[in-house]
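Written out below as structure tokens is the structure these notes cover.
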Amino acid sequence: MALVEFRNVSRIYKVGDHEQKALDSVDLSLEKGKMVVILGPSGAGKSTLLNLLGGLDSPTSGTITVDGTDISTLGRDELAGYRAEKVGFVFQSYNLIPTLTVMENVALVREIAPDALNVMEMLDAVGLSDHAKKFPTELSGGEQQRVSIARALAKNPEILLCDEPTGALDSETGTVVLKVLMNMAKKYGKTIIIVTHNQNIAKVADVVVRVKNGRIRSVEEQAEPTPVEEVEW
């Protein structure tokens, strides 16, 4: 059984007197423990897919099943519980609290996640255990993004959703961040879903989902993804 199932999912937004169909009758199945890249141009529906899967939005029609639960029927409080327990988020902006140390930023998840992982173990996993007492302003952009990954993983989620996680980074730093994500997927058995318009990032994925005009154009499984260090940026 797939971990994630979209069945005939549409999302329509009302803009004044007009309706805009961000997703149009989407069907998609994703297995556990895979690195998935959702690829497409701006306005294709990538972020809408991510928001629906993350419980940040609800479909206009269709069903979204995650680990056997139809999240499209959940109320506000139930969705909040789903986000706390099942999903971790990594965004292009790091969303770290500047007045808290690195360790304190990661430790925040213990307030909402019932099965949170050890904070120092997560920082060690992303190579930043020696930066635990520093503040975000003392870190580079790549280091801050790695802290956000550690924080997301510390929740011990089934799924890690990443919206353009390397978009604000240079190619060398982006490579480091992608390596961290791939290592986390393998070591902790997480399903990692990356939304991007960057064709090169798709080369490192187990599964590539191509989206255009609110529709799934193709789903490609890559038996031998390209190693990150071999990708030309």
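Would you mind stating whether V37 is over 17 Å from D163 (Cα atoms) and in contact (Cβ under 8 Å) with a residue 12 or more places away in the chain?
So V37 does not fit the description; no.
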Note to self: As an exercise: evaluate L117 against (1) modelled with pLDDT under 90; (2) more than 20 Å from the chain's Cα centre (by Cα); (3) closer than 10 Å to K155 by Cα and give the number of the one condition it does not meet.
What the structure shows: (2)
Check: Of (1) part of a helix (DSSP H, G or I); (2) modelled with pLDDT under 95; (3) surrounded by fewer than 17 Cβ atoms within 10 Å (Cβ to Cβ), G43 satisfies all except one. Which?
Finding: (1)
Checklist line | region 156-198, subset among the charged types (D, E, K, R) and farther than 21 Å from L49 by Cβ, residue modelled with the highest pLDDT | finding: K179
Check: How many residues are within 20 Å of the chain's Cα centre (by Cα) and open to solvent by 30 Å² or more (accessible area, probe 1.4 Å) if we restrict to region 53-62?
Finding: 3
Check: How many residues are closer than 22 Å to T69 by Cα and either at pLDDT below 95 or within 21 Å of the chain's Cα centre (by Cα) (or both) when one looks only at region 1-23?
Finding: 11
Note to self: I'd like the full set of residues that are closer than 21 Å to G127 by Cα and in contact with a Lys or Arg (Cβ under 8 Å, 6 or more places away or on another chain), limited to region 162-206.
What the structure shows: V176, V177, V180, M184, A185, G189, T191, I192
Notebook entry, point to check: Do any residues in region 189-212 that are under 21 Å from V26 (Cα atoms) and touching a residue at least 40 places away in the same chain (Cβ under 8 Å) have Cβ atoms under 6 Å from those of residues that are open to solvent by 30 Å² or more (accessible area, probe 1.4 Å) and in a strand (DSSP E or B), where the two are at least six apart or on different chains, and which pairs are they?
Noted result: V195/D163; V207/E221; V208/E220; V209/V219; R210/R217; R210/S218
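The values are calculated or read from the model by the stated rules, or taken from the named source; none is laboratory data. In this text, all values refer to a predicted model and were calculated from it rather than measured experimentally. Ideal geometry is used to build each Cβ from the backbone, glycine not excepted, and the neighbour counts take in all protein chains shown. Heads up: the accessible areas ignore ligands, DNA and RNA and are worked out on the full protein's heavy atoms, side chains in. Shrake-Rupley method; radii C 1.70, N 1.55, O 1.52, S 1.80 Å.
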